[in-house]
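Bear in mind that the values in this text are calculations on the coordinates, not laboratory data. Since we're looking at a predicted model, the values are computed, not measured. Backbone-built Cβ (ideal geometry, glycine too); neighbour counts: all protein chains shown.
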Amino acid sequence: MGVIGSLQLASQQFKGASSTLSGTTIVGFQTGVLLSSPLNEHLSIRPYLLYSVKGSNYSFGSTSVIRTFNHVAMPVQATYSFDVNTGHIVAGAGPFVAYAVGGTDKSDSLSAPIEFGSKSGEVRRFDYGLRISIGYELERGLGFMTYYEPSLANLTNIPSVTAKNSAFGFALYYLLEAND
């Protein structure tokens, strides 16, 4: 069992039949707990339970809109560790699922909650995708990693349009019961 916190650069991209709208990145974060379940000396399964903030910054002429999503997320990674000096290089990959518990659209003077649901102007709450990571873990359980989370889910209900999140982050974690 352990604790984890990270800063992430998140963005969202809309694709339609004839155009693409890519927002610029925002700084978000993830925080939560993780469990490392060893299968053998090098291979482990690591589920996480995280609170995650993702989103994007869009510019429309002179107006800027920052869209943020607050998720409860659960990545589950298979990790492989390579012994190096006083620790391990740890590489991991696996799926994630996330549920949006809220979100906001903020412009210079306005702030509005994101509407979730299945209608045309609403956003889907469920997100899913992949999580790929690599990092270094000391024998005593302190570790850091970098990760990439591309979404595979379409978050919009608008016909012939897709909207997907992605995030690239840097995490620091501590396993309370380190595996030697």
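The ranking of VAL90, VAL72 from fewest to most other beta carbons within 10 Å of each one's beta carbon is VAL72, VAL90. Can you find, among ALA78, ALA100, SER52, the residue sitting farthest towards the positive end of the charge dipole of the stretch 41-109, where Lys and Arg contribute +1 and Asp and Glu -1 at Cβ? Ranked along the dipole, the leading option is ALA100. Computed from phi, the 3J(HN,Hα) profile of the stretch 89-101 under the Karplus parametrisation 6.51, -1.76, 1.60 (θ = phi - 60°) reads 7, 10, 10, x, 7, x, x, 9, 10, 9, 10, 6, 9 Hz, with x in place of Gly and Pro. Its Cα centre serving as origin, the chain has a Cβ charge dipole (Lys and Arg +1, Asp and Glu -1) of approximately 660 debye. Placing a label point 7 Å from the Cα of THR24 along the Cα-to-Cβ direction, the residues of the stretch 43-75 with a backbone N closer than 19 Å are 54-69. For the stretch 1-81, the spherically averaged projection of the C-alpha convex hull amounts to 7.2 nm². Neighbour counts of other Cβ atoms within 10 Å put PHE96, PHE116, PHE82 in the fewest-to-most order PHE82, PHE116, PHE96. Between the stretch 1-67 and the stretch 130-166, the C-alpha centres lie 6 angstrom from each other. Under 21 Å of direct C-alpha separation, and excluding same-chain neighbours fewer than eight residues apart, LYS54 reaches these lysines: LYS15, LYS106, LYS164.
For the stretch 52-67, the Karplus equation 6.51 cos²θ - 1.76 cosθ + 1.60, evaluated at θ = phi - 60°, returns couplings of 10, 10, 10, x, 6, 10, 10, 10, 10, x, 8, 9, 10, 10, 9, 9 Hz by residue, with Gly and Pro reported as x. Full extension of the chain between ASN40 and ILE132 yields a length gain of 31.1 nm, computed as 0.36 nm times the residue separation minus the alpha carbon distance.
The reciprocal of the average 1/r between distinct C-alpha atoms defines the Kirkwood hydrodynamic radius, which for the stretch 64-116 equals 14.3 Å. As a ratio to 2.2 N^0.38 Å, the alpha-carbon radius of gyration computed for the stretch 31-149 takes the value 1.35.
Give the residue from VAL123, ALA91, ILE4 lying farthest towards the positive end of the charge dipole for the chain; charges sit on Cβ (+1 for Lys and Arg, -1 for Asp and Glu) and the dipole is referred to the Cα centre. Positive-most Cα among the choices belongs to VAL123. Here the gap between LYS15 and SER109, fully extended at 0.36 nm per residue and compared with their Cα-Cα distance, gives a gain of 31.1 nm.
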